[in-house]
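The values are calculated or read from the model by the stated rules, or taken from the named source; none is laboratory data. What you see is a predicted model; the values in this text were computed from it and never measured. Because the Cβ atoms are built from the backbone with ideal geometry, glycine has one as well, and the counts that use them run over all protein chains shown. Accessible surface is based on the protein model in full, side chains and every heavy atom, while ligands, DNA and RNA are left aside. Shrake-Rupley method; radii C 1.70, N 1.55, O 1.52, S 1.80 Å.
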Amino acid sequence: MSYGSSNIGSGSGTATRTFEFGRTHVVRPKGRHQATIVWLHGLGDKGSSWSQLLETLPLPNIKWICPTAPTRPVKLFGGFPCTAWFDVGDFSEDAPDDLEGLDSSAAHVANLLSTEPANIKLGIGGFSMGAATALYSAMCLVSGNYGNGNLYRVNLSAIVGLSGWLPCSRTLRNRVEGSHEAARRAALLPIFLCHGLGDDVVAYEHGKRSAQTLNSAGFRNLTFRSYNGLGHYTIPEETDEVCNWLTATLELEGS
């Protein structure tokens, strides 16, 4: 069992929470190791749920790392504790963002990727709240730092988000605009987003609006796929498209 904690300071001298992350599951590549992707589960789930699915995908050159989020009170459930990458009350753009929780989870993911060999391409993917955390990590990469100002030191080659949304969308432009380097990184980062039209948990409109917000902020290498009748789960058609996109984007053997 692998456990970790993340204590992200704001630099202001104020006390910060320490988050205890759960068990991390690793799916080893069956072929030559060319890429490592951290895959993040949804609210209330755990890493093992996704590691079992990822092991069946025809992607022998990818190593998958599937961490488990800390257990914390969640406003969406009236304060009831469950596994969550950050706290959330609703998915509207006006909802307050749990920047401390987002920074902590993004740092935990970056730490998991930081020990990979230099010649390995790195990516982050996730479902629902995991997808939201992956997109937040993309924002940190592009701006060069976490929300608290600490440097983001991992280079990412791919972001995948299924049935998710973009947190901190109100501050995205501020973090990208005014920096040529941030604009360059945003334009180059490949992002693949999927959402079901029948999603009754994270409404399709949230996913579509997130893709539009990212695109207008300069994320030009972004693909958004929608699926008729798909609810808040994944289907073979969707995972097939993810496999094809990753194979092409990461230039994996067999592409």
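The table for this structure:
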item	result
Qualifying residue in segment 69-77 (condition: part of a strand (DSSP E or B), open to solvent by 10 Å² or more (accessible area, probe 1.4 Å) and of a type in the set (Ser, Thr, Tyr))	yes
Matching residues, segment 207-229, being more than 22 Å from ALA248 (Cβ to Cβ) and open to solvent by 40 Å² or more (accessible area, probe 1.4 Å)	LYS208, ARG209, GLN212, SER216, ASN228, GLY229
Among the residues listed as GLY147, GLY130, GLY196, GLY123, the single one being closer than 19 Å to LEU53 by Cβ and touching a helix residue (DSSP H, G or I) at 6+ places or on another chain (Cβ under 7 Å)	GLY196
Test: residue in segment 153-171 that is hydrophobic (A, V, I, L, M, F, W, C) and more than 14 Å from the chain's Cα centre (by Cα)	no
Subset of segment 23-42 [open to solvent by 50 Å² or more (accessible area, probe 1.4 Å) and under 18 Å from GLY130 (Cα atoms)]	ARG23, VAL26
Which numbered condition LEU252 fails, given (1) surrounded by fewer than 21 Cβ atoms within 10 Å (Cβ to Cβ); (2) in contact with a Gly (Cβ under 8 Å, 6 or more places away or on another chain); (3) closer than 23 Å to LEU122 by Cα	(2)
Qualifying residue in segment 174-184 (condition: of a type in the set (Asp, Glu), closer than 30 Å to GLU116 by Cα and more than 19 Å from the chain's Cα centre (by Cα))	yes
Strands (runs of 3 or more DSSP E) lying entirely in segment 145-255 (those with 2 or more residues that are of a type outside the set (Val, Ile, Thr) and farther than 28 Å from GLY101 by Cα)	222-227
Scope segment 145-184; condition over 23 Å from VAL88 (Cβ atoms) and open to solvent by 80 Å² or more (accessible area, probe 1.4 Å); matching residues	LEU151, ARG153, ASN155, GLU177, GLY178, HIS180, ARG184
Residues of segment 80-95 that turn out to be open to solvent by less than 70 Å² (accessible area, probe 1.4 Å), over 17 Å from VAL201 (Cα atoms) and modelled with pLDDT under 90, as a count	0
Counted residues, segment 78-114 - those being over 19 Å from SER137 (Cβ atoms) and outside any loop (DSSP other than H, G, I, E, B)	3
Whichever residue in segment 118-143 is part of a loop (DSSP other than H, G, I, E, B) and in contact (Cβ under 8 Å) with a residue 40 or more places away in the chain and, among such residues, is surrounded by the fewest Cβ atoms within 10 Å (Cβ to Cβ)	ILE120
Among the residues listed as LEU188, LEU197, the single one being touching a Phe, Trp or Tyr at 6+ places or on another chain (Cβ under 6 Å) and either open to solvent by 60 Å² or more (accessible area, probe 1.4 Å) or among the basic types (Lys, Arg) (or both)	LEU197
Residue in segment 105-114 that is exposed (fewer than 15 other Cβ atoms within 10 Å of the Cβ), over 15 Å from the mean Cα position of the chain (by Cα), touching a residue at least 40 places away in the same chain (Cβ under 8 Å) and within 27 Å of THR249 (Cβ to Cβ) present	yes
Selection within segment 47-62 - crowded, with 18+ Cβ neighbours inside 10 Å and either assigned to a helix (DSSP H, G or I) or not β-branched (Val, Ile, Thr) (or both)	GLY47, TRP50, SER51, LEU54, LEU59, ASN61
